[in-house]
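Okay, so here's the structure we're looking at.
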Amino acid sequence: MQKLIEGHKRFLADIFPARKSHFHLLAESQAPAWLFITCADSRVVPDLILGTDPGDLFIARSIGNVVPVTGHDVDGVTATIEYSVEVLNVRHAIVCGHSDCGAMKAALDRTKLVNLPKARRWLDHVEAAFQHRQPLNPADGDSAELASLIRGNVVAQLQNLRAQPPVARAIAEDRLTVHGWYYDILSGRIEEYDEKQKSFMTLA
């Protein structure tokens, strides 16, 4: 806990004073342009990776960057999607998976979930990833099989995102664009899924 306390002290002393006016504006309202749906993994830090500021991203996090399919129980991810699209009017929705994803490792080996009944049920939502596995990439080395499944999961969750009624309406009305990303922790690079080419391309 001391690390967090010291970090907060530095924030109050060094960061907040310099950006006080920005935080004052955010204290009254928010208008994020992007909904960012990503994994709960501690190594994925959206503002650090993307250079965004407080108020820029509306973030939904869960293990496996899952978007539950329409018709299942109400959950935090779909509620966040609904609110961001219908109330905040975000212009872009991004599903971002990442390398070395523990959720997808568990999907490959369900024995790791024996004592985790809630996680096991949650990962039923990633089964479609196996249908969307991407071609093996030699650059992924020994993790190529896992990486192909993680990318496949991004494609699967992108389909689930489009199936959400608020998202489907917003896309039809041309007020929302959806994106599928894969973040590689080792290189720091992001790939985006190209719908026309059905493959992942380097973002930058």
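A DSSP coil position with no more than 15 other Cβ atoms inside 10 Å describes the following trypsin sites (Lys or Arg not before Pro) in segment 150-204: ARG175, ARG189, LYS196, LYS198. Estimated at 0.36 nm per residue, the fully extended path between ALA144 and ALA33 surpasses their Cα-Cα distance by 36.6 nm. With 0.36 nm allotted per residue and the present C-alpha distance subtracted, the ASP14-LYS105 stretch has 28.8 nm of extension available.
What is the distance in Å between the Cα centroid of segment 22-43 and that of segment 46-100? Each part reduced to its Cα centre gives a spacing of 10 Å. Charge dipole of segment 110-180 (Cα centre as origin; +1 on each Lys and Arg Cβ, -1 on each Asp and Glu Cβ, all else neutral): 340 debye, rounded to the nearest 20. Peptide packing for 50-63, 91-104, 11-24 was compared via the average number of neighbouring C-beta atoms within 10 Å per residue; ordered from the highest value, the list is 91-104, 50-63, 11-24. Which whole-number percent is the relative contact order of segment 51-167 (Cα, under 8 Å, 6+ apart)? Relative CO of segment 51-167 lands at 34 percent.
In this label model, GLU6 and ASN89 are separated by 4.6 nm, measuring between points 7 Å along each Cα→Cβ vector. Each Lys and Arg Cβ is given +1 and each Asp and Glu Cβ -1; about its Cα centre, the chain then shows a dipole of about 320 debye. Modelled spin labels at SER199 and LEU186, positioned 7 Å past Cα toward Cβ, are 2.0 nm from each other. When both bridge partners sit in the chain, DSSP labels roughly 30% of those beta bridges antiparallel. Measuring from centroid to centroid over Cα atoms, what is the spacing of segment 185-202 and segment 1-15 in Å? Computed from Cα coordinates, the inter-centre distance equals 36 Å. I'd like the orientation of helix 144-163 relative to the chain: the angle between its Cα long axis and the longest Cα principal axis, in ° from 0 to 90, rounded to 10. It works out to around 70 degrees.
Coordinate-derived values only; no laboratory data. These numbers come from a predicted model, not from an experiment. All Cβ positions, even for glycine, are placed from backbone atoms using ideal geometry, and neighbour counts span all protein chains on display.
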